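What follows draws every value from the coordinates through simple rules; no lab data is involved. These numbers come from a predicted model, not from an experiment. Cβ sites come from the backbone with ideal geometry, for glycine too, and all protein chains shown count toward neighbours.
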Amino acid sequence: MIDIPKLLYEICGNEAVYDPDCELLESGLLDSLALIELVSRLEDEGVVIHLTRIDRQLLKTPRSIAKLVSENK
């Protein structure tokens with residue numbers, strides 16, 4: 001199982017990502033470069049996410065990303 005908050009912390013470097021409802025996009029923690037890094041790291045774990053095919057809201061919080069990952073594994 002992928003530890004999404006830990007992965008986000010490694011990418012963003014901010015402990016706020018440990019809050020499952022942290023607004024990643026609105027706060028700027030998950031900017032375009034961090035998003036590419038996240039998708040790349042998830043692909044390394046066998047999870048393929050097509051950014052052009054998903055709703056941006058699915059990347060809004062650590063909780064929503066964890067749900068997306070669990071549905072795409």
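Key figures for this structure:
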| quantity | calculated |
| --- | --- |
| Positive-end extreme of charge dipole, the stretch 4-71 - chosen from 29, 18, 64 (charges on Cβ) | 64 |
| Principal axis dimensions, largest first and in whole angstrom, of the chain by Cα | 25, 23, 20 |
| Relative contact order (percent, whole number), the chain, Cα cutoff 8 Å, 6+ residue spacing | 36 |
| Assigned charges on the beta-carbon of Lys, Arg, Asp, Glu; the stretch 4-71 dipole about Cα centre (debye) | 200 |
| Selected from 38, 24, 51 as most flexible by GNM, with the chain as the system and alpha-carbon contacts under 10 Å | 51 |
